[in-house]
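Take a look at the structure set out below.
The values are calculated or read from the model by the stated rules, or taken from the named source; none is laboratory data. None of these values were measured; they are calculated from a predicted model. Because the Cβ atoms are built from the backbone with ideal geometry, glycine has one as well, and the counts that use them run over all protein chains shown. Just the protein is used for accessible areas: all its heavy atoms, side chains included, with ligands, DNA and RNA removed. Shrake-Rupley method; radii C 1.70, N 1.55, O 1.52, S 1.80 Å.
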Amino acid sequence: MTRTADPVRNILVKPAFNQSNLERDTIKKNGFHKTGQNGTSSVDPRAQDPAPRDRESFEQAPLHVAVFTYLGFGIVTLFGYLRDFLRAIGLEKCHVAQEREEQKDFVPLYQDFENFYTRNLYMRVRDNWNRPLCSLPGPMFDLMERVSDDYNWTFRLTGRTIKDVINMGSYNYLGFAENNASFLKTVADTTEEYGAGVCSTRQEMGNLSLHTELEDLVAQFLGAESAMTFGMGFATNSMNIPALVGKGCLILSDELNHTSLILGARLSGATIRVFKHNNMQSLERMLREAITYGQPRTHRPWRKVLILVEGIYSMEGSIVRLPEIVALKQRYKAYLYLDEAHSIGAVGRTGRGVTELLGVDPADVDVLMGTFTKSFGAAGGYIAGKKKLVDYLRAHSHSAVYAMAMSPPVANQIIRAIKCIIGLDGTTVGIQRVRQLAENTRYLRRRLQELGFIIYGSPESPVVPLLLYMPGKVVAFSRAMLERKIGVVVVGFPATPIAEARARFCVSAAHTREMLDTVLDALDEVGDYLVLKFSRRTPSPRPELDDETDFELDS
């Protein structure tokens, strides 16, 4: 039997991770099992039957699509250099920020090459982002019309409003971004009583009874011992990870983690190693190496090993392989940090996130993190777990010590939303919204696949990426959809791999079947016009693709 190096006290290393070992030692595929001293197992009663891993869709586009995508970027780059040359010789006006003449010998403040992509590609298509809304961003919204007279360097408003645009981009998963007066009465009353802001940190004069009530409710909702809330979701990650790990610690981070997790890991000063997305073999290999070899040069044991993952990955729509990761972290004595920004409230039988969806005991996740900016229609974030963990963060987290306390009406909105989901408001509205979101998600994903589009992610994920690939089609798609009064979010390089630009739909419980059918009809029309139906898994209107071989991307 193989043993680890001395720094880890000769902990036994079990055989390499595989599905059979996982089922034998720790859990089974469709539920959480704890093996007691007598060898018996207990199943978490909240466990659902999760979708099998092979149901996640990551279909690869035909080869010619990748060729034309790279060719498109090549042409854009060539024309970018040509336009830079014309600007240098004065034949084209330069709109970009430049160094002042008297500072030409200074270290450049604006790096010319770093801005090449921004000035030569992004500026040409900038009208597809930062569109000004002038209404509630619910399932539909109103948009202020704007035009540009200088190729998107500046915009001017026309004074007209584009009414009733279907919103397919906001993270309004449960429809709590609403202006129903009867629903928001408690929020209005809180604003009248406490005002809009606290003007102090929690540790000074900003700790209100509302905050304590909210934290108790969050802990109850998650099934955790204790919870702590923060006024900003991004800072919940970026400011709390440095409080948990530091120099001499190791962070194992999924390659598709959100920027807030990446920033927090970098600020911590810990060593960071990146494993392939949702790849358990890659993760276990790094865990084994961490235990066997310890820190570089000294080979001392790592002070902590922290695994960073997300519940639902916001650009891929994929769901974390949580049962397998929990098994690995228990086997190798690591800690697990789970970011449920997009999954809490949005998945699970009662909206309690991926732990409920995949049947994992929340106590087996060391740090439960989530945000209130999506399913709850508010702002801020939370950290939940053992009481000892939360008490430590109250004293050591920069976000807790220095940041402003959460706004009272925002706190009350979160309380209202959680009570609605749990049913503490005396209604079944919350659970109906959770079920409606699941129904809408399955319907939209199934119909998109039937239409012949390539979509990524899990069938349960309300984040639905539709692959567009080519840079020119990304722009044309967004503009064509807006012409049909549908607002979409399009994403490209560097937020995605250079050959995998996409539109990202976020399904909401507030979407009606008529709204989704309207969107699907528009997508069918635009997909034919722009030739976006690349899938070879289902019959396509483009018969030349029907007989081609199907490929899968490595997970």
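Near the amide H of Ser253, within less than 5 Å, lie the amide hydrogens of Arg273, Val274, Phe275, Leu308, all on another chain or at least 5 residues away, with H placed in the peptide plane. Here each label is just a point 7 Å from Cα along the line to Cβ, and for His398 and Tyr443 those points are 4.6 nm apart. According to the calculation over all Cα-Cα pairs in the range 371-421, the P(r) per 10 Å bin from zero is 22, 45, 32, 1 %. Each part reduced to its alpha carbon centroid, the range 403-428 and the range 237-254 end up 30 Å apart. According to the square roots a ≥ b ≥ c of the eigenvalues of the Cα gyration tensor, what is the shape class of the range 264-311, taking rounded for a/c under 1.5, prolate for a/b larger than b/c otherwise, and oblate for the remainder? Taking the square roots of the gyration eigenvalues as a ≥ b ≥ c, the range 264-311 is oblate.
For the pair Asn207 and Gln281 in one chain, pulling the backbone fully straight at 0.36 nm per residue adds 22.1 nm over the alpha carbon distance.
Which net charge results when you count Lys and Arg as +1 and Asp and Glu as -1 among the other residues whose beta-carbon is under 15 Å from that of Asp149? Summing Lys and Arg as +1 and Asp and Glu as -1 gives +2.
Between helix 387-396 and the chain, what is the angle of the helix's C-alpha long axis to the longest principal axis, kept within 0 to 90° and rounded to the nearest 10? That works out to roughly 60 degrees. Take each peptide in 388-396, 73-81, 483-491, count the other Cβ atoms within 10 Å of every residue, and average; sorted highest first, the result is 483-491, 388-396, 73-81. Residues in the range 406-526 average 32 Å² of solvent-accessible surface per residue, probe 1.4 Å, ligands and nucleic acids excluded. Taking Lys and Arg as +1 and Asp and Glu as -1, the other residues whose beta-carbon sits under 14 Å from that of Gly72 total +1. Projecting label points 7 angstrom from Cα along Cα→Cβ for Val531 and Arg349 puts them 4.9 nm apart.
When the alpha carbon coordinates of the chain are projected onto the principal axes, the ranges are 77, 63, 60 Å, largest first. Per residue, the solvent-accessible area of the range 302-389 (1.4 Å probe, heavy atoms of protein chains only, all protein chains present) comes to 23 Å². Other residues within the sphere of radius under 11 Å centred on the Cβ of Glu310, judged by their own Cβ, net out at -4 (K and R +1, D and E -1).
Report, in listed order, any pair from Lys185/Lys386; Lys185/Lys374; Lys276/Lys485; Lys304/Lys388 with a Cα-Cα distance greater than 27 Å.
Check vs 27 Å cut-off fails for Lys185/Lys386; Lys276/Lys485.
Hey, what's the range 247-290 come to in accessible area per residue, 1.4 Å probe, Å²? Per-residue value: 43 Å².
Between the helical axis of 280-293 and the longest alpha-carbon principal axis of the chain there is an angle of about 60 degrees. Short to long, the 5 Å bins of the Cα pair-distance histogram for the range 225-268 hold 5, 23, 29, 23, 14, 6, 0 percent of all pairs.
Quickly work out the Lys485-to-Tyr70 label distance, labels modelled 7 Å from Cα along the C-beta direction, and quote it in nm with one decimal. In this crude label model, Tyr70 to Lys485 measures out at 4.4 nm. FRET efficiency for Gln60 and Phe116, Cβ-Cβ distance as r, R0 = 25 Å, nearest 0.05? Using R0 = 25 Å, I get an efficiency of 0.30. Per-residue packing, averaged as other Cβ atoms within 10 Å, sorts the ranges 412-418, 367-373, 86-92 into the order 367-373, 412-418, 86-92, beginning with the highest.
Of the listed peptides 293-302, 471-480, 235-244, what is their order by residue-averaged count of other C-beta atoms within 10 Å, with the highest listed first?
Working: 293-302: 13.7, 471-480: 19.9, 235-244: 23.7.
Per-residue mean Cβ counts within 10 Å order the peptides as 235-244, 471-480, 293-302.
Computed from Cα atoms, the angle from the helix 429-451 axis to the main principal axis of the chain rounds to 50 degrees. Element breakdown for the chain at a 1.4 angstrom probe: carbon and sulfur atoms account for 54% of the accessible area.
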